[in-house]
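Here, each number is a calculation from the coordinates, and none is a lab measurement. The shown structure was predicted, so the numbers you read here are calculated from the model rather than taken from an experiment. No Cβ is skipped: glycine too gets one built from the backbone with ideal geometry, and neighbour counts run over all protein chains shown.
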Amino acid sequence: MHLSPPSALAAFDAFTASLGDRTPALFLDYDGTLAAIAPRPELAVMPVEARTVVQRLSALCPVAFVSGRDLDDLTTMVAVDGLVYAGSHGFDLRGPELRRQVGVEYVPDLDTAEGQLRDRLGGIAGALVERKRFAIAIHTRQVAPAEKPLVADAVRAVVEAQPRLRMTGGKELFELRPNLPWDKGRAVLALLEALGLEGPGTLPIYIGDDETDEDAFRALASRGDGRGIGIRVMEEPAETAAAWSLHDPTEATAFLGRLADWLAQG
Ligand SMILES: O=P(O)(O)OC[C@H]1O[C@H](O[C@H]2O[C@H](CO)[C@@H](O)[C@H](O)[C@H]2O)[C@H](O)[C@@H](O)[C@@H]1O
């Protein structure tokens, strides 16, 4: 684990030196990484600068988005054709020549939980239930501080009654997802295999800001011998399995711009 890893932008030359002659394969998180955190999910729009740099990069190296958002929502928000997209924390994968869904048999459990959550949380002002195909996010960002424990109690009660689901966390949210050994890290490893990117000529780089992104940092670190790089976007120092950091989505976009310039120069 690292506490406050070095900035991949401030130490860009050292960062690119660690790539050697390998081609990066970029795995990008969305919320808090390329889109700044907003009061509600639909308000977290990716700036045009970020979209432009993602488009540039997609002509220079493989690019995938790996997000907790629903796959269709993610694809609409990013709106760059030809990329690989993984929604619902990697349970729902789609690319130009790829389609895979993990945990389809858990959708009825999620449907039941969604109904129970809407019943229990309907009376709590600001509590937002966001259904994704393979996960449910329960947002507390708009809930009065005194009421947040009520949301936590309700979510706990629902997940305790649904042993086929498990709860994870995030920024002002709880998430319910299939209780399967699957996460963003396993999704990234599966994508490397499916896209033929497992060889020594490719270096996967994952950029993310949240606790579910730590699964991906750990998965890449587990490949050993520097065969994967994690970059955590974080405004405050924190323990992370990522070896590099960036401060916020603006800095992440600037870093990707420099990476595109560097790749374009060959
Ligand atoms: O994996 P990510 O792309 O980072 O998605 C994680 C969750 O992001 C969204 O929620 C977060 O962003 C919202 C908009 O800025 C914010 O209001 C909320 O508090 C954050 O937790 C998204 O709505 C979730 O579905 C994702 O799981």
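Can you tell me the FRET efficiency between Glu42 and Ser4 if r is taken as the Cβ-Cβ distance and R0 is 35 Å, rounded to the nearest 0.05?
Numbers: r = 33 Å, r/R0 = 0.94.
Efficiency for this residue pair is about 0.60.
Report, to two decimal places, the Cα Rg of region 104-178 normalised by 2.2 N^0.38 Å (N = number of residues). Present the calculation step by step, with values, prior to reporting the outcome.
Numbers: Rg = 11.3 Å, N = 75, 2.2 N^0.38 = 11.3 Å.
With N residues counted in region 104-178, Rg over 2.2 N^0.38 Å equals 1.00.
Rounded to the nearest 5, what % of the DSSP beta bridges within the chain are antiparallel ones?
Working: 24 of 45 bridges.
The antiparallel fraction comes to roughly 55 percent.
Sum up the charges of everything whose Cβ sits under 10 Å from the Cβ of Thr202, counting Lys and Arg as +1 and Asp and Glu as -1, but leave Thr202 out. Mind showing how you got there, number by number?
Values: positive: Arg22, Arg227; negative: Glu198.
Local net charge: +1.
Subtracting the Cα-Cα distance from 0.36 nm times the residue separation, let me have the gained length for Glu193 to Glu49 in nm, one decimal. List each step's numbers first, then the result.
Working: separation 144, 0.36 × 144 = 51.84 nm, distance 3.05 nm.
Separation in residues times 0.36 nm, less the Cα-Cα distance, equals 48.8 nm.
What FRET efficiency comes out for the pair Glu160/Val104, r = Cβ-Cβ distance, R0 = 35 Å, nearest 0.05? All intermediate terms of the calculation are to be shown ahead of the outcome.
Numbers: r = 24 Å, r/R0 = 0.68.
Step by step, r from the Cβ atoms, then E = 0.90.
Any chance you could run the full-extension gain for Asp248 through Phe12? It's 0.36 nm times the residue separation minus the Cα-Cα distance, nm to one decimal. Spell out each step's value before the answer.
Details: separation 236, 0.36 × 236 = 84.96 nm, distance 1.59 nm.
Gain in length upon complete extension: 83.4 nm.
Which angle between 0 and 90 degrees, to the nearest 10, do you get for helix 107-121 versus the longest principal axis of the chain when only C-alpha atoms count?
Once rounded, the angle reads 60 degrees.
Place +1 on the Cβ of every Lys and Arg and -1 on the Cβ of every Asp and Glu in the chain, take the dipole about the Cα centre, and give the residue among Ala35, Ala241, Leu192 whose Cα lies farthest towards its positive end.
Leu192
About the Cα centre of the chain, how large is the charge dipole given +1 on each Lys and Arg Cβ and -1 on each Asp and Glu Cβ? Please answer in debye to the nearest 20.
Numbers: 27 positive and 39 negative charges, 73 e Å.
For this selection, approximately 360 debye.
With everything on Cα atoms, drop me the angle between helix 184-194 and the longest principal axis of the chain, reported from 0 to 90° to the nearest 10.
Here the helix axis deviates by roughly 50 degrees.
Quick one: if you take sqrt(5λ) for each eigenvalue of the C-alpha gyration tensor of the chain, what semi-axes come out, biggest first, whole angstrom? All intermediate terms of the calculation are to be shown ahead of the outcome.
On the way: eigenvalues 203, 76, 56 Å².
Output for the chain: semi-axes of 32, 20, 17 Å.
What does the extension gain come out to for Glu172 and Arg227, with contour length at 0.36 nm per residue minus their alpha carbon separation? It would help to have the intermediate numbers written out before the result.
On the way: separation 55, 0.36 × 55 = 19.80 nm, distance 3.26 nm.
The span from Glu172 to Arg227 would gain 16.5 nm if fully extended.
Take the Cα of Ala238, step 7 Å along the line toward its Cβ, and report every residue of region 31-63 whose backbone nitrogen sits under 16 Å from that point.
Correct set: 31-38.
So what's region 1-120 giving for Rg/Rh, alpha carbon basis, Kirkwood Rh from the mean inverse pair distance?
Numbers: Rg = 17.2 Å, Rh = 16.6 Å.
Across region 1-120, the Cα-based Rg/Rh ratio is 1.04.
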